[in-house]
Amino acid sequence: MRETTPVLYSFRRCPYAMRARLALQVSGCTVALREIALADKPQAFLAASPSATVPCLVHAGGVIDESLDIMIWALQQNDPHRWLEMPQLGHALIAQTDGPFKHALDRVKYASRYPDEDAEQHLNAACGFLHVLDDMLEQWLFDTPTLADYAILPFVRQFAFIDKKWFDDQGWPYLQKWLDRFLDTPEFADIMIKHPQWQPCDAPVFFPAQP
């Protein structure tokens, strides 16, 4: 592995890791991708990540342990589509996604883990936020795609696939088109390529894939 290549510890289906990979992909920042199993976290990952959660980026300047910070770091290296040039409202929408929406989503998707909580109440809270997004959307949340779109879409995807038929039957036409367009892109296909669980003896897997 090239000595200066950053290392990204990732988990394919995690929405936080998805959005980190999206930003690394669009920026063209090459990393050595290490796919880990959350039930069998390697010691190298635990030594690197203060939170022991994915994604975790280890680079020459230190460790970045939050997915949104990884996105911003990558785009600060190279931002060809100007994702960082978004209205301040975009930051508020991302915060709403990472806070109340994800809180509600988890209590709907994993309701059995929260037996003392009202899943229906959390479903209504999540739906309220999705109504807000649908009202904002035409093609994108703002005039052009920004960090907000790609920081939020993986979580909308996670919510949608709790029950995709139910999701498709809801009155969110712009939200549904936004998600479907994202799922049909080669960029999404590229970040969702399956990789074997990383072992310390493995040759590096570079992401984005090298030509």
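Computed extension gain for Lys194 through His131, at 0.36 nm per residue and net of the alpha carbon distance, reaches 19.4 nm. Among Trp178, Trp140, Trp166, the ranking by other beta carbons within 10 Å of each residue's beta carbon, starting with the fewest, stands as Trp166, Trp140, Trp178.
Would you mind ranking Cys56, Cys201 so that the residue whose beta carbon has the fewest other beta carbons within 10 Å leads the list? With the sparsest Cβ surroundings first, the list reads Cys201, Cys56. Normalising the average separation of contacting C-alpha pairs (under 8 angstrom, six or more residues apart) by the number of residues puts the relative contact order of region 47-101 at 19 percent. The residue among His103, Tyr150, Pro186 whose Cα reaches farthest toward the positive pole of the charge dipole of the chain, with charges on the beta-carbon of Lys, Arg, Asp and Glu, is Pro186. Secondary structure note: in the chain, about 70% of the DSSP beta bridges are antiparallel.
What order do you get for Phe159, Phe167, Phe206 when you list them from fewest to most C-beta neighbours inside 10 Å? Don't skip to the end; give the middle numbers.
Values: Phe159 22, Phe167 18, Phe206 14.
Going from least to most buried by this count: Phe206, Phe167, Phe159.
What does the charge count around Asp180 come to, taking other residues whose C-beta lies under 12 Å from its C-beta (Lys +1, Arg +1, Asp -1, Glu -1)? Neighbourhood net charge equals +2.
For Rg and Dmax of the Cα atoms in Å, the candidate list reads (i) 21.2, 73; (ii) 16.1, 48; (iii) 17.4, 51; the entry that matches the value derived from this model is (iii).
FYI, it's all coordinate maths here, none of it is from the lab. For clarity, every value in this text was computed on a predicted model and none was experimentally measured. FYI the Cβ positions are ideal-geometry reconstructions off the backbone, even for glycines, and counts take in every protein chain you see.
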